[in-house]
1. Would you be able to say whether some residue in the range 331-343 is among the polar types (S, T, N, Q) and surrounded by fewer than 17 Cβ atoms within 10 Å (Cβ to Cβ)?
2. Filter the strands (runs of 3 or more DSSP E) completely within the range 266-380 down to those with at least 2 residues that are basic (Lys, Arg) and touching a residue at least 24 places away in the same chain (Cβ under 8 Å).
3. Pick from the range 387-404 the residues that are within 11 Å of the ligand (Cβ to nearest atom) and not in a strand (DSSP E or B): which of them is nearest to Ala16 (Cα to Cα)?
4. In the range 162-221, what residues are touching a Pro at 6+ places or on another chain (Cβ under 9 Å) and aromatic (Phe, Trp, Tyr)?
5. Residue by residue through the range 1-39, note down the ones that are hydrophobic (A, V, I, L, M, F, W, C), within 16 Å of the ligand (Cβ to nearest atom) and touching a helix residue (DSSP H, G or I) at 6+ places or on another chain (Cβ under 8 Å).
6. Which one of these is more than 22 Å from Thr163 (Cβ to Cβ), in contact (Cβ under 8 Å) with a residue 40 or more places away in the chain, touching a helix residue (DSSP H, G or I) at 6+ places or on another chain (Cβ under 8 Å) and within 16 Å of the ligand (Cβ to nearest atom): Glu228, Glu180?
7. Can you go through Lys259, Lys271 and tell me which one is more than 15 Å from Leu341 (Cα to Cα) and basic (Lys, Arg)?
8. Within the range 122-141, track down each residue that is assigned to a loop (DSSP other than H, G, I, E, B) and of a type outside the set (Gly, Ala, Ser).
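Read-outs throughout are calculated quantities, based only on the coordinates presented, and are distinct from any laboratory measurement. Since this is a predicted model, take the numbers as computed values, not measurements. Note: ideal-geometry Cβ built from the backbone for every residue, glycine included; neighbour counts use all protein chains shown.
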Amino acid sequence: MISRSDFPKDFLWGTATSAYQIEGAANEDGKGPSIWDVFSHTPGKIYMNQNADIATDHYHRYEEDIKIMKEIGLNAYRFSISWPRVMPDGRKKNEKGMNFYEKLVDKLLENEITPFITLYHWDYPYALYERGIDWTHPDSAFYFRDYAAAMFERLGDRVKLWTTHNEPWCAAFLGYYFGEHAPGHKDLQEAIYAAHNILRSHALALEAFREIVKDGKIGIVHMAIKVEPASDKEGDIRAAELADQAINGWFLQPLKEGKYPEDLRRLLESKGIKVPDEDLDIAAKPMDLFGVNYYTRLLIKSCPECELGYDIARGPLPKTEMGWEIYPQGLYDTLKRYYELFEIPLYITENGIACKDEIEGDAVNDECRIDYLKKHFEMALKALKGGVDLKGYFIWSLLDNFEWTHGYSKRFGIVYVDYKTLRRIPKKSAIWLKEFLKS
Ligand code: GCO
């Protein structure tokens, strides 16, 4: 079994969360609604019509949660800022909202836990959306830049590790094409515009960061699914290449060289979709770090009748409560790919598993999570030994929390949350992690 001492001494070991999924206090202290507040209150969108008005009430319990992190022995914490909490209308500062994040950061630093901030984890200000200035509108990039600059000014003296966006693919394609996430649109053209403006907003925020946080490091967090062909048939191999361009390349290539993947761009244009290219060159501004969210792989098969010519095939491997295959090898492959592509430090910004967590008395015996984490830690170490400059590992997640359209039905935490009382109960994986961090 590997031990913590196999990793560099300054390696960050943390957990990851996001504002909408854990904070609650959805209308408190001047916070404005986000598109997720509105979406989760729309009947039929979320499992059992649940919402995150309360979530895990981290807004009021963050000191207790930091104490738990400290107790486990974690030295970092990845969290996101709720844009409408600090700017209810999308641009005017709300001091009470700002103050929450200052207190959170100060408490983390007091406990020698390194804060690692995500600026956008999908909770766009509804006030901007209802004015038509959502991600499909070019001005969204300027509003985002002003929001980012305000946060750099407010926290940049204490927080040195930043990312602009969490999984832009989800914000653009789940939100605007598949309709599964807020704002629930189903329009491929809108999704392409949203992806483009998110990339522009990332570039503008980077420019602002260079001006404001001279000694900081900034990047982006990508949903890094390992795409593989369902068979070695030519059709499946071609389909997987196209799917990889859609899921990974659509963001990786602009970030690397300021242009979209050629095959997919041509296919989209052949369907009458306009693919913008203005400002795309700025998306390739140099970053200091790259965040890899890895969970699983996707097997792709050819599907001539499908809109983009491919479909997902069900894989043979053991699966999680989300139905995702458990595939640690994909983490190693993904880390190697992205390090070779960007040649900058990588962080595993999310990795974790939803298990059938049952509580017995005061214990949750989540062996499935311990097994998953062990195997993925081993792949991270293998990548490190293989030359990848891996700087940290954030487990998704600290707490069970609001799993988007699945509501509270899927538990990813290393700490169990009893949603009736909001009591936190460290699971067996938290106890295992505590031992690992001492090893
Ligand atoms: C994501 C999001 C998280 C999810 C987690 C489990 O990567 O999709 O960052 O908010 O909750 O990944 O699905």
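1. The initial filter retains those residues of the range 331-343 that are among the polar types (S, T, N, Q), namely 334.
Subset that is surrounded by fewer than 17 Cβ atoms within 10 Å (Cβ to Cβ): none.
So far as the range 331-343 goes, no, none of its residues is among the polar types (S, T, N, Q) and surrounded by fewer than 17 Cβ atoms within 10 Å (Cβ to Cβ).
2. Numbers: elements: 289-293, 297-302, 310-313, 346-351.
Result: 297-302.
3. That would be Ser397.
4. Hits for the range 162-221 are Tyr176, Tyr193.
5. Pass one, the range 1-39, residues hydrophobic (A, V, I, L, M, F, W, C): 1-2, 7, 11-13, 16, 19, 22, 25-26, 35-36, 38-39.
Filter again for within 16 Å of the ligand (Cβ to nearest atom), leaving 16, 19, 22, 35-36, 39.
Result: Ala19, Ile22, Ile35, Trp36.
6. Working: Glu228 fails: within 16 Å of the ligand (Cβ to nearest atom).
Within the list Glu228, Glu180, the selection yields Glu180.
7. Working: Lys259 fails: more than 15 Å from Leu341 (Cα to Cα).
On inspection, the qualifying residue turns out to be Lys271.
8. Kept after step one, since they are assigned to a loop (DSSP other than H, G, I, E, B), are these residues of the range 122-141: 122-124, 130-139.
Within the range 122-141, Trp122, Asp123, Tyr124, Glu130, Arg131, Ile133, Asp134, Trp135, Thr136, His137, Pro138, Asp139 meet the criteria.
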